[in-house]
Each structure stands twice: as C-alpha cells, then as structure tokens.
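S.K.: The structure follows.
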C-alpha cells in the first residue's frame, strides 16, 4: 500500500487552526469570556481557575446552583420530578462547558445547539407522555472524543483524521445512553495516540488542570477530567487501557471507575491504532463522575439495556443489584514501589485513609512485599501496547507530517527501546501475565480481601509532560481487575513534610511548592468481574472517609 | 535449547507396551473377559458391543441395575438417601469400566482401588456426619486424561510424557469435584495432540465405538464418549476447542455440553501444546453425560464452589438458577454447508427434529443463506490452532521418535499447507473473527432467536481416520457460544433414502450399510455466556422430542 501523502507543515497547522476556529465559533458570543479573566491562564500559571465560572457573571444564580450542587443522580431526580427542565439544566452545563473550554481547553466537539434541541425534546416527551425516556432522562453527558456521535467528527486529535467526515452512526454506548434519555453537549480532549497522560495533541492543543494550570490534567481522558472538575459536566464517558479513566480523575480530583473488560461495549468507537490486537489488555469504557452512585447509575443503565444484543464486544452479564456489603471489610494495602516512591502528599494521604478505615473497624493487610514487581508488570503491559508490527499510530501521525507532542517520549520505557514484538514472545508474555494474575488471585484469597487500596500514581498531578510511566494504574489493566479513583484530601506542605524522605529518588522531582493544594486521591481495586461489589465497597469507603456527598447530591 | 534425545523405535514401542501392561494389571483377574467375548472385536468389526457387559455375567443383577438405570442426578439422590452405598455404586462402575476397556480400549489411567477406598470414606462420612460431603457425594466420575489426579500419570498419549512422574497435585476442577464428594475411578483416552477426532495415540492405542467398532468413537474426548455409552461411567469431564466434547457425544450417542469459555477453569490441566497462546479460541471444559440435568448438576456444582478463588482462569460469574423458559421458543436452523453436505441420516434426523419442534409450537427460522461461510470460518479457526512458531506438539512427538497416528493428516486443511503464523496476520484474523461474531449476534437479535439447531457433523460416526475437518463444531468455539449435543434417533437406511442426493459430494463417502444404526444427534447452540439459559432450552427440546429420561432417571 502506498504511503498516504504527507502534508507540508504549514498545511497541518492551518488545518488545525481552522478546526479550532470552527470550534470557537460554536461558542455563542454572549458566552465568551473577556480576556481580563483568561489572559493570565497558561501552562505555567498556577492559580486555580475553578472560581472563574462564578466570577465571570455569565451564569445566573440558578445556573450556578444547577451546575454546582448536584450530581447526575440528583439532577435526573429533579428533572423527572419536574423541578428542573432538561433545557435549563442543559443550557447551564453548556454555558459552563463553554467557560471551562476558554479556561482549560478541554473540549473537542461542541454540540450545544444539538444538546439544547434534544433537551427540549426530552421536556416535551415528559410533558406529553408523563414518563421519562429512561433513567438518564434529560441529563447532559460529555464524551471522550473517541466516541462517535452522528453529525460530529471524531478526530481523536490526529491531524490526518481531520479529513474524515462527521460520524454517520453513534458508538453503541452512545446509542444506549441516548435511548436512556441522555443529552450530549460536548466531546472532550485527549492525547495524541491516547497513550500518554498529557491530554495534548496538534489538533486541539493541551488541556490544563483547572486546579492549577501549570499541572497536567492527566490523560488520556483528560478533557473530561478538567471539564467535570470545572463542573461543565457532571458525568462523562471515558476509556482506560493503562489508567486513562483514573489518571485524569486523580489529577483533577474527581471520581473515575474502570470496570472489568467486556462489561461495556466498544462497538463503533474510534481507535488510535489498528483494530484486532491480540493483546491480553483490552481497553475498557467507564465513567468519570463526581460521585460513586453516578458511576453506578450509568453502568447499571448501560448494562440493563441488554447491550449484548447490539454489540458483540460486550459480555452478556446482567448488572446485579446489591445491598451494602457486610462490614467490617478487609482491605489489602499497597504503599508503593521502590522505583516510584510516593511523593510525601500521596504517602500521607494513603496513610491517613488507611488509618481512618482501620478506625472505622476495617482490617488492613499490608501487601507491599508480597505482590509481583509493579515495574516489571508495567514493562510487560507496555509490550502488549507495542504489538502492532505496522505501528499504525505512527502512520496516522506521518500521514499529516504533524510532529509528536512532547509528552509521548516521556512515557516510553527505556528498557523497551528498539523492542520489536514477535509472535513467539507473545506466548511467553501471556505465560508471564498469567503468573501475575495468579499471584494477585492468591493474595486476595489467602487474605480474604474485599479490595485493595493503593495509590493511583506516585504523585498528585505533576507539571506538564513529566508524568512518565503509570505503574500504579496499568497493573489493574494487566490483571483485568476493576478499579476506581476516589478524591481524598489534597497536597499540604505542612502536613506532608513528615513523609518526606531525603534519600528517595522522587520521579518526577518533588518540590512542595509545585504541588501545593493539588487534589489527593485513593485507588481502590476490586475483584475481577465483581464491578457491582466494588461500587458498594466504594460507597462504604466514601462514607467512612467522610467524602460522600462530594457531588453535593440531594438525598 | 538442545533438542530432547530421540528414542529408538523399539524403545518407544516397549515403553508404550509396558504402560499398557501396567494398566491391564490394574484390572482384577476376576473382571477380565474371556477371549470368546472379545476376540471378534476390532477396528473393522461392526457388531455393537453394548450387550457385552450384560452377556459377560460379571455384573450382578444389582450392578446392572445401578449402571444402566440411572443418571448421575438419580444416583446421587439414591446414595444420599442411603438406598445405595457409594461403595456398591463405585464397584459396579469400576467393573463395567473394566469391561468397557476390554471391549473398546477407552481408558488411560485405572484408579479402581483408589476409587473404592474413597467411596468407602464417603459412606463412612455420610453415616458419621449424617450429611453429604457435597452435591456429588459418592458419585463415580471419569476424567479425560488431560486432567491431573494426584498419584496418576497424565501422559495425554505422548510417548515422551511417559517419563513424567505421577501428578503431585489435582487440576483445580478435580479438586472442586473431590470436595463436592466425587469418586474418580478412571481417566480416559484421547488423540495424539488432542487435535483430531479419532482417539488414537501410540501410548494407549485407539478407542473403538461401542455401537459399531468399525466406526470412530470421536475425539478428542473419545475415551469418555465410548466409556459413558458403555455405561462404565455416567458422567465424565471433557475439554473442547473445536468439538472435542461434542464430537464423541454425537459419535457414541450421549449428551455433551460445551460451556462458554471461562465458566470452568483450566488450572492444572496438561496441555498438548505450548502454554500462553494468544488465540481467540480458548479451550473449554464441560461434561459428557447421559442427561441434560447431569450437565446442569456438574456445572452448577463447580461454579457454586466459587472456583475463581482458587483458579485465575475462571470468570467470576455465579451460576444462575433459572426456571423453565417461556415457550414457544424461536430456533434458528442451519442445514449444512455445500462443501460438507449432510449424509442422508443426518439430514433426515435434523428435518425430523425441526418438524417435531414446529409441531410442538416452536418457531423455526432458516438461516442457511444468512450465516458466514462455515468453511472459511473453519480455516480461520485452524489458523488459531497453528499459532505456535515453535510447533510444540511436534517437539513432544519428536522427543520420543514415535510416529504420527494416521488420523492427524486427515484433519488438516489443504489450504493451510505451509501456512506460517505471523503476528501481523493475527491482527487481521482477529478482525475477521469479529466480523463473524458480529454477524451471528445480528442474526440472533434480528430474528429474536433463543437458540440455533444444526448438525454437529455432516455424518454420524464415520470409519476410523475419515472424520476430516469439523466445520460444524468449530464455529461455536470461534464464536465462543455455548453448544450441546443431544442424541436423537439413529441411521436407518430405509428412512434415510429419501434424503439421499445423487449429486452430493459426500465426505467421507456415504454408503448406507457402513452407518446403519449409528447414533443420531442434534447440535443446539445458545447465546454467549448464557449457559444457564441453554441448559433450560435443552430440557424443553428433550421433552418435546421425547428424548428426556434417556438416563432412565428417577423422577
């Protein structure tokens, strides 16, 4: 096959500029921020922009109330009860998403007009039929750019995909959410190739962290993470093959839930690479959200729809309604790996959580010395990501002549430089993987564990292009265990200091001022296929750590 | 790595002879058949040997009653109620298995002494504790040779594996069955490499079909098929990657159930090839039995034991207790493929079943022209079986100098001669496979099908070494859909004649006399992961075709 023609550099830059301009034009003039509010924001500024939506004066009191005070679960209740209309909710979130976009560059496709029209239909349906379209009736939902929505593009940040026409079909999960009553108001930014933790590409540019724009918003579902933290959305659909749901959740300070593979179908999604990978690490779809019960709401809604009838990538496993688990629970605890020692705030936050859970009566079993080497597991995982002899993502880049974004080389493993995949080694990799899975299964069984608590990363959000390899999130993909990020506490120099170790080789370097006030988080890993159990365990943790109601939800 | 030393031919022959002699010595003298009963049996004789157990006079009236009149479900009831002891049941089946072995050469490892000792323990436990060890309390179960049982070998018919010491651990499924109260009385024969449909190897020789020794007993779990048909066992554990549970079931006239992959764990089984295959077609474990409810009993027992706690190859999906499905049902019907036209008895039996099910009120939707090409699907499947660049099974053969058994070349696809696997093509194979899966999913959804009825093979059991490629059973492995064989009717020249097509290229050739009275069968394919639903559907089919009670079970 002949190589696709390479564009001149000027060409790709103008194509990208034109796409961004067309996006900007979709923000109504009256929703545009004055430069006085935004000119100080850059990838080197460190003041939170979380107050700009309110400061902008663009949102009414009611719109601030709608966007700040509820989670998805509460909003669907209010809409269903006629206390709010889908239209007013949708306008509020579109407006706030527009503000978020102007602050942290989190959007790819803007679908405000379509969303408001759809919301109006939802309201009319409710009025006429006297019932909801479905469990998500009238709720605005945002989507990672890799999901397809009829009429919008899905370039996933490749310049070469800018020539693709708008999608003519929805991804199956989009269809399912639509039938459940959802309103789609925007798609969100992601990294070039989706295989790095900075949501930066040559089409849409870089998403900044709203807590501190000098820090990464994480990736690959980083646009979602920043948008939800800005409350330009309360619920977004994300994907995860090495941490892409969870990294943005921990960087921004929201909830992220990575289900077991096969629970949610990948039908009709746009892949950054070649289809048909013989990998042992399939990507999964899951929510970024502001509460655990919102993760439950969306997973339950999708799986209740019998998605296996419309999508052969789904396992036919009904969603089980569970009540609260028998407590106290038994948690394994993993406190880090010598090659990626925990930054003081992360060590302190993990320690505080474990202590608090122990005080609540739960058991904590230290696993540090019993688990397989996480760094070796990461190398194995990365080999699975490099299995394509045709290096298709490289071709997608070369097709336009666009350069690599700076983040890409930062998450490569030096040990794998020059590594070429082979069918023969793939057999050995699978045997090696099975050994890792066996060991974790044994640890869960021998210690009668309900879940494992561990960091989602060795640091809080870090400066752009310094995230490196995600050894604390890729292990769950290698195992195919469900896992979630819960936001918890934040970096506070004074409290963190006792956890500083002078001899630790922190990577990236630890300078307390850089990270001050960055959101903290816990990662909680469940048992394979028991996504329902993990949701219930997370609710117990939310309750016992006092972080429930983060969505300031109606009860 | 240096090649293993090759044995001289005389060496491997004497090794095999010594193993067979040691086996024969484990049959008590008083259970040996006079040559007057067995000398006429050979791979060219065509008289049924099913009457030999009774004719031999070795079994008491009670032992004939025990071995002939009940299925596993009924036997466990009788043992639990104290109406039979496990010891008398076990002795009866050991005796009958010994007779079966002398007639059709179906056993590999003989564990009669261990079984009787274990049965005695079961009886004592029941007496002392006043309760069963578990749902399979006291029940003799046979196992394909690839399962490991502590103290017995698992050579799987490779001469080079004869030097392996006896197993020091049980396969996980064996452990589970043991804890549920099972008694293991023997292991059963299989083909060299397990990848052909004649259970023939250089260690144990060839298993014959008890209905007609000139016909194949099928494979790869053919020893089980012949043993169960002889009623030397009522329940056996088998494996299936291309039809290995189902082919022996249809050849011998028993029930075989292939579950969805991952429902039953493969931990501790002996593989005929290399571990770690990146195949899209994982092998599965399932029962060969005499009734559908016995398949349900054993699957439910295993899955109820939370096998995922002890075996990481199991999906954590609890067994769901279902009641009878809402009838009438909707069945798809596949009547064959032009390259493997159905032999007249199979065409007639399928037609009769479809007619009878229609008369019982069910709907039948003809799918012949709508499904993907089964021959192409078989080629794709066979590529998955040839993915090992090291050709490990060849090494296992070469290590001893033993020759290939004649059946091996008969099930190779000429189109794949010289085909070498590559990582690059594997990606394309996976895309091709996903297209096949999508098409079947669409057919089930569009036609609201509960199940699909089709042949398990184009013929009944066929003469030895003529089975060829199993295009009607490998498709369910490629799809990962559960499927079962139900015995139904038999070849009858007079009735079959109207279904003869003079222009059909029957393969293997059709000569009515060759197949007269060979067992007939139906294959019924369910929906992915819905093994429980398929069990219930099979019970409806059993009822409506009048074949229930085949195990002459107590109700």
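S.K.: Can you give the Rg and Dmax of the protein assembly as shown based on its C-alpha atoms, in angstrom?
M.R.: 31.8, 106
S.K.: I've got another one for you. Where both partners of a DSSP beta bridge lie in the range B:25-544, what percent of those bridges are antiparallel, to the nearest 5?
M.R.: That works out to approximately 65 percent antiparallel.
S.K.: Next up: When A:194, A:237, A:133 are ordered from fewest to most other Cβ atoms inside 10 Å of their Cβ, what list results? Mind dumping the intermediate values first?
M.R.: Details: A:194 26, A:237 29, A:133 18.
Arranged by neighbour count, lowest to highest, A:194, A:237, A:133 become A:133, A:194, A:237.
S.K.: Still on this structure, I have one more. So between residue A:391 and residue A:503, what do we pick up on full extension, going 0.36 nm a residue minus the alpha carbon distance?
M.R.: Net length gain for the segment: 36.3 nm.
S.K.: Still on this structure, please answer the following. Distances from residue B:205 to the same position in the other copies: list them in nm, one decimal, shortest first, using label points 7 Å from Cα along Cα→Cβ.
M.R.: 8.2
S.K.: Then there's this: Report the gain in length on full extension from residue B:431 to residue B:306: 0.36 nm times residue separation, minus Cα-Cα distance, nm rounded to one decimal.
M.R.: Taking 0.36 nm per residue and subtracting the Cα distance, the gain is 41.6 nm.
S.K.: What are the nm distances, shortest first, from residue B:415 to its equivalents in the other copies, labels at 7 Å along Cα→Cβ?
M.R.: Residue B:415 label point versus its equivalents elsewhere: 4.2 nm.
S.K.: Follow-up. Could you give the nm distance between label points at residue B:131 and residue A:356, where each point is 7 Å from its Cα heading toward the beta carbon?
M.R.: 4.2 nm
S.K.: Return the calculated 222 nm mean residue ellipticity for chain B, to the nearest 500 deg cm²/dmol, obtained by summing -39500 (n - 2.57) across DSSP H runs with n ≥ 4 and dividing by the residue count.
M.R.: Result for chain B: -11500 deg cm²/dmol, rounded to the nearest 500.
S.K.: Order by neighbour count: A:96, A:348, fewest other Cβ atoms within 10 Å first, most last.
M.R.: A:348, A:96
S.K.: Other chains' Cβ within 10 Å of B:388-400 residues: what's the mean?
M.R.: For this peptide, the per-residue mean of nearby foreign Cβ atoms is 1.
S.K.: Going by Cα centres, the range A:184-254 and the range B:216-290 are how many Å apart?
M.R.: Using only Cα atoms, the two centres lie 48 Å from each other.
S.K.: Give the distance, in whole Å, between the Cα centre of the range A:440-464 and the Cα centre of the range B:151-169.
M.R.: The range A:440-464 and the range B:151-169 have Cα centres separated by 40 Å.
S.K.: Note down the nm distance, to one decimal, between modelled labels 7 Å out along Cα→Cβ at residue B:327 and at residue B:65.
M.R.: If labels sit at residue B:327 and residue B:65, their model points lie 3.3 nm apart.
S.K.: Nearest 5 is fine: what % of DSSP beta bridges in the range B:54-206 come out antiparallel, could you say? Present the calculation step by step, with values, prior to reporting the outcome.
M.R.: Values: 4 of 9 bridges.
Approximately 45 percent, going by the DSSP bridge assignments.
S.K.: Ranked by Cβ crowding within 10 angstrom, fewest neighbours first, how are B:21, B:288 ordered? All intermediate terms of the calculation are to be shown ahead of the outcome.
M.R.: Working: B:21 9, B:288 35.
In order of increasing Cβ crowding within 10 Å: B:21, B:288.
S.K.: Could you calculate the contour length gain from residue A:51 to residue A:18, that is, 0.36 nm times the residue separation minus the distance between their Cα atoms, to one decimal place in nm?
M.R.: Between residue A:51 and residue A:18, full extension yields an extra 8.9 nm.
S.K.: Okay, moving on. Calculate the mean, over all residues of peptide B:509-521, of how many other protein chain Cβ atoms lie within 10 angstrom of the residue's Cβ.
M.R.: Numbers: counts 0, 0, 0, 0, 0, 0, 0, 0, 0, 0, 0, 0, 0.
The shielding value for this peptide is 0.
S.K.: Considering every residue in A:420-430, what mean count of other chain Cβ atoms within 10 Å of its Cβ is obtained?
M.R.: Working: counts 1, 2, 3, 12, 7, 3, 7, 12, 3, 2, 6.
Partner Cβ neighbours, averaged per residue: 5.
S.K.: Which distances, in nm and shortest first, link the residue B:495 label point to the same label point in every other copy, taking 7 Å along Cα→Cβ?
M.R.: 7.9
S.K.: Find, to one decimal place in angstroms, the Kirkwood hydrodynamic radius of the range B:25-544, where the mean of 1/r is taken over every pair of different Cα atoms and then inverted. Spell out each step's value before the answer.
M.R.: On the way: mean 1/r = 0.0436 Å⁻¹.
Hydrodynamic radius (Kirkwood, Cα only) of the range B:25-544 equals 22.9 Å.
S.K.: Taking the DSSP beta bridges in the protein assembly as shown as the whole, what percent of them are antiparallel, to the nearest 5?
M.R.: Of all bridge pairs located within the protein assembly as shown, approximately 65 percent are antiparallel.
Read-outs throughout are calculated quantities, based only on the coordinates presented, and are distinct from any laboratory measurement. Values in this document were obtained by computation on a predicted structure and should not be read as measured data. Glycine also receives a Cβ, built like all others from the backbone with ideal geometry; neighbour counts cover every protein chain displayed.
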